[in-house]
Structures are given as C-alpha cells and as structure tokens.
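Below: one structure, written as structure tokens.
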Amino acid sequence: MGQLGGELLISFGLVAVVVVIHLVGLMALIRLTQLHLEHFRTPWLAVDRLVVPLGMATGLFAIHGAEVWVYALTYWLSGAVPQLESALYVSAGAYSTAGWMGARVPDGWRVTASLEALTGMLLVGWSTAFLFQTLHRILQTEENHPLPAGAIAPEPAQPGAGQDEAAGSRSASPRPNGSGRGAPAGTN
C-alpha cells in the first residue's frame, strides 16, 4: 500500500473515531438534559429555557472541540506539524472548513485535512439538526403550537377512490370530522 493508501487508512480511522465521539457525546447531552428536566428544574420557566439551550450549545462546542483535538494530536504525534499549537490551528481550520491561509499541511497529510473538513461539515450539520430537533421537542408542545397541524397537507382521497377508509386516511385531516372541506378547525 502506497503513501496515499496509508493516508486514506488513517483518514478513515480518524473519521470513525470522531463519529463515535460525536454519537456518544450527543447521547450524553440527551441524558444530561433528561436529568436536568427530571431532577433539577427550577420553578422559573424562563431560567430553564435559558439553562437547557445554553448547556446543550456548550456541550456541542465541547464535543466538536474534542474532535478537533483528535485530529490535532494525530498531526502533532505523527510529526506532520511540529508544534501542538500549530497542529490545533491546522485542525481547527480544516474542521471548520475555514482553511486558514497561513496554515501549511505537509505532503502526505493533505487528503487527511481535506477529509477532516468534510467530516467537520457533516458533524456540524448533525449537531445543528440535533439542537433544533431537541429544543423544539422540549420547548414546544403540540397543544400550544401557534399553527394547526396539517394545515397545508394534501387533501385526503375521497371514499371509493381506491383508498380504504379503515386505514385512517380521513383521521389525519385537520378539518372538522375529517371532511376535507373548509378551513381547518380554529382558523376561522
């Protein structure tokens, strides 16, 4: 296996390590949020609405920081970058896709840095989806949502048009009695 093959092997190993770190970190954030909601909620809703998102965002930064450190330590310990501070600089630049202009990645590590950028982009996207989905779940309930569910959903098929009414095609309608006609309930 040539130099490129070895670099790809190291790169994919690093990707696997940081994906596992990310998964374990997100599971830990869910558990910590659950513990807070079960045991440490305050009597002031506004405080919890500040503490929980702040804790999640801080946790996500810590997870991404650990992932940057994995790459930085690899660059430094392999001798690809001579100083730890420089290795962190290269890794943070690649992971964040900022691609620092002053940072030089030596031959034999450019593919790894490029794959770190792709990995960082995917993991930041994963974190963003996680944050929005989790905060939506704990901050908003269906009862107090300002918009009616299914208000712009496709109209249900009429009976006898090849769909079985027993399958519940009418029950998903936001309109009274599932009629499929008129404005959704509560919007008049």
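Suppose we keep only residues that are among the charged types (D, E, K, R) and within 19 Å of the chain's Cα centre (by Cα) within region 13-69. Which one would you say is farthest from TRP126 (Cα to Cα)?
Taking region 13-69 first, the residues among the charged types (D, E, K, R) are 31, 38, 41, 48-49, 67.
Filter once more, keeping what is within 19 Å of the chain's Cα centre (by Cα): 31, 67.
Numbers: ARG31: 18, GLU67: 14 Å.
Taking the candidates together, the pick is ARG31.
Residue count for region 50-81 satisfying the condition of being modelled with pLDDT under 90 and either surrounded by fewer than 14 Cβ atoms within 10 Å (Cβ to Cβ) or not in a helix (DSSP H, G or I) (or both): 1. Close Cβ contacts (under 9 Å, 6 or more residues apart or on different chains) running from residues in region 59-83 that are farther than 12 Å from ILE21 by Cβ and in contact (Cβ under 8 Å) with a residue 24 or more places away in the chain to residues that are of a type in the set (D, E, K, R) and outside any helix (DSSP H, G or I) comprise VAL81/ARG104.
Mind listing whichever residues of region 26-49 are in a helix (DSSP H, G or I) and surrounded by fewer than 12 Cβ atoms within 10 Å (Cβ to Cβ)? Walk me through it before giving the result.
Here is the first cut: in region 26-49, the ones in a helix (DSSP H, G or I) are 26-39, 45-49.
Correct list: MET27, ARG31, GLN34, LEU35, GLU38, HIS39, LEU45, ALA46, VAL47.
Annotation for region 10-20: no member residue is surrounded by 11 or more Cβ atoms within 10 Å (Cβ to Cβ), farther than 16 Å from VAL111 by Cβ, polar (S, T, N, Q) and out of contact with any Lys or Arg (no Cβ under 9 Å at 6 or more places or on another chain).
Restricting attention to region 84-108 and to residues that are among the aromatic types (Phe, Trp, Tyr) and at pLDDT 90 or above, the residue that is nearest to VAL17 (Cα to Cα) turns out to be TYR95. Taken over region 89-133, residues that are β-branched (Val, Ile, Thr), loosely packed, with under 14 Cβ neighbours inside 10 Å and part of a loop (DSSP other than H, G, I, E, B) amount to 1.
Do we have any residue at all in region 148-162 that's acidic (Asp, Glu), at pLDDT 75 or above and in a helix (DSSP H, G or I)?
No - not one qualifying residue is present in region 148-162.
The values are calculated or read from the model by the stated rules, or taken from the named source; none is laboratory data. Note that this is a predicted model, so its numbers are computed, not measured. Cβ atoms come from the backbone with ideal geometry, glycine included; neighbour counts cover every protein chain shown.
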